[in-house]
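K.L.:
Next up is a structure, given as structure tokens.
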Amino acid sequence: MLKDTKKNVKKVGKSVVTGYRTFSSEQARKAFVQRSTDYNEKKYKSFSVRLNYGEDDEIIKWLESQDNVNAYLKQLLLNDEEQEEVGK
């Protein structure tokens, strides 16, 4: 989710410039952030996992070694689901 923060936002003439986009006004920037937030809330579901450096160090290292953690976890879950259906 995009956060409506003032970090890295500066005015250049009449434009509002963020780290990656230029807006004609602060109001336009806020509208963009709101549209992005609304879109993300409608289209995506997010899950969070908290790992402990001491207890979960091997898991952390393994996940960090993956090229794409998101794709890896999705495939792992699909494989698990497939195995469960085969066992029925």
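Any read-out appearing in this document is the output of simple, stated calculations on the displayed coordinates, not a laboratory observation. Everything numeric in this text was worked out from a predicted model, so none of it was measured. Cβ placement follows ideal geometry from the backbone for every residue including glycine, while neighbour counts extend to all protein chains displayed.
K.L.:
Pull out the extension gain between Gln83 and Tyr53, defined as 0.36 nm times the separation in residues minus the alpha carbon to alpha carbon distance; nm, one decimal.
P.N.:
The Gln83-Tyr53 span can extend by a further 7.8 nm.
K.L.:
At 7 Å along Cα-to-Cβ for each site, give me the label-to-label distance between Trp62 and Ala28 in nm.
P.N.:
Placing both labels 7 Å beyond Cα along the Cβ direction yields 4.9 nm.
K.L.:
Ordered by residue, what ³J(HN,Hα) values in Hz, to whole numbers, does the range 80-87 give under the Karplus form 6.51 cos²θ - 1.76 cosθ + 1.60, where θ = phi - 60° and Gly and Pro are x?
P.N.:
5, 4, 4, 4, 5, 5, 5, x
K.L.:
Please compute the length gained on full extension between Ala71 and Asp38, using 0.36 nm multiplied by the number of residues separating them and subtracting their Cα-Cα distance.
P.N.:
Fully extending the segment from Ala71 to Asp38 adds 9.5 nm.
K.L.:
Scan around Phe23 for amide H atoms under 5 Å from its own, H built in the peptide plane at 1.01 Å from N, and keep only partners 5 or more places away or cross-chain.
P.N.:
When sequence neighbours closer than 5 places are left aside, the close amide H contacts are Val16, Val17, Thr18.
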